[in-house]
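A short write-up of the structure that comes next.
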Amino acid sequence: MHCEQCKTRIAGGMSLTCCPVCGSLINEKTRKPSFERTWAMMSEDSLKRKVDPKILNEAWNWYEKAILNDPSETGFVVRFLQAYPSFQPDLNALKSKVQGKVSPEEFDCLWQAGQPIWKQVLVYGLLLEDPASTIQLINARPELGAEILALLETQNHKGHELLPELPEEADLQSRLAQVHLPVEVQPVYFWLKGEYSLALAAFKTATHVDLKDAVLLESPTAFERLLNLANDSAKRVEQMEKATTDNQMDHLLDLLYRPLLDNENAFAHLYQLPASLPGYLMEHKQEWQDRTLDTIEKDQALRGIHLALQTLRNQNPNLASECDHLLEKQYEKAYLRPFKEIEKTDFRFV
């Protein structure tokens, strides 16, 4: 299945309530609505024939009761409010239920009366730990990233013994085991922390994919949140420069070999490679070769590797022998395979 909103492929996500990348509601047909939401939906059906203020209030009253009883239905209420942006219901009942969840200062920062009503309702869902509300609020108000991350840290440790920090070499499974947030929220939680390998691992876990297996990711949102791959050519080049400075070979090669998703030329970044790149690759030649060969062997980025290596070879004759060796291995892997199949490997991530 795919998320209808961000188009992320969610292969094993039938147990999820929302997309773990963008927070859009999924699997709605498998979720039995509450009594209150059933009545709200009936009122909303009437609004499709005629927008009547009386029926709007009637629908809101049922929706309000629904989420006061069950915050996991907040996403449905938000969608209703987005459909009728001029409708301004009273939110005092919702506010009174969640005001004590954080300090008054934190509450004022999150719940700003000047924000659209639907964004205020998302704060209600966030404070009551609804996954869809949490992720959608990050999308709607990215300036709150630090505040939402701090709140998620508090929610993560609530009711759980504070475990000692793991060493850097700890495996992904051990690190994931220390997180007690809903599985839908974990990928975005690690994205906010800047821990992208864990964001991808958490996405695999949420969608029931083994950590050693590959996933297909073809949406800009997934590229940015799970992989830290910008989809703008200039930003991608900036990321490559930073990766060379920070000595992040894995990230650098993904930035180099993977396509852009919002550009007519999927490999426009290859026309403006950083001046520091050839020297960095030569200085770390063995690591570059080993990581690229491993990527080829795992059937990933075969088109991107071919284009990037040809570009590097043409622009930097001193890299010719290294590029030729890798191109030979890429050719062996791609030989006689249909182009569409080779193209698909650009979106496979292990």
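If you work out Rg/Rh (Cα atoms, Kirkwood Rh) from the coordinates, which of (i) 1.05; (ii) 0.95; (iii) 1.02 do you get? Computed from these coordinates, Rg/Rh (Cα atoms, Kirkwood Rh) corresponds to label (i). Reachable lysines from Lys119, Cα under 27 Å, same-chain residues fewer than 8 places away excluded? Hits, sequence-local ones excluded: Lys7, Lys29, Lys32, Lys48, Lys50, Lys54, Lys65, Lys95, Lys97, Lys101, Lys158, Lys193. If the segment from Lys235 to Lys193 were pulled out straight at 0.36 nm per residue, it would be longer than the present Cα-Cα gap by 13.1 nm. You can think of it this way: the chain between Asn314 and Asp52 has 87.6 nm of extra reach, that is 0.36 nm per residue less the Cα-Cα gap. So what's the gap between the Cα centers of segment 192-248 and segment 108-144, to the nearest angstrom? Rounded to whole Å, the Cα centres lie 25 Å apart.
The three principal axes of the C-alpha atoms in segment 229-307 carry coordinate ranges of 33, 28, 17 Å, sorted with the longest axis first. For the chain, the cysteines with no partner cysteine C-beta closer than 4.7 Å are Cys18, Cys109, Cys323.
Protection proxy ranking, highest mean first, for peptides 202-210, 97-105, 291-299, 132-140: 132-140, 202-210, 291-299, 97-105, where packing is the per-residue count of other beta-carbon atoms within 10 Å, averaged.
Given the Cα atoms of segment 1-64, and with Rh set as the inverse mean 1/r over their pairs in the Kirkwood sense, what is Rg to Rh to two decimals?
Reported Rg/Rh, Kirkwood definition of Rh: 1.11.
Once the chain from Asn27 to Met14 is taken as fully extended at 0.36 nm per residue, the excess over their C-alpha distance is 4.0 nm.
Assuming 1.306 mPa s and 10 °C, estimate D for segment 37-85 with Stokes-Einstein, Rh taken as the Kirkwood radius over Cα pairs, in µm²/s. Answer, rounded: 150 µm²/s. I'd like the distance separating the alpha-carbon centroids of segment 266-293 and segment 67-105, in whole Å. A separation of 49 Å, based on Cα centres. For the chain, the residue among Ile342, Pro116, Pro142 whose Cα projects farthest onto the positive side of the dipole built from Cβ charges is Pro116. For Val77, neighbours were defined as the other residues whose beta-carbon sits under 10 Å from its Cβ, and their charges (Lys and Arg +1, Asp and Glu -1) total 0.
Expressed as an acute angle from 0 to 90° and rounded to the nearest 10, what is the orientation of the C-alpha long axis of helix 117-127 relative to the principal long axis of the chain? Taking the Cα atoms of the chain, the angle to 117-127 is about 80 degrees.
Where a number appears in this text, it was derived from the coordinates with a stated rule and is not lab data. What you see is a predicted model, and the numbers here were worked out from it, not measured in a lab. Here Cβ is always computed from backbone atoms with ideal geometry, including for glycine, and neighbour counts include all displayed protein chains.
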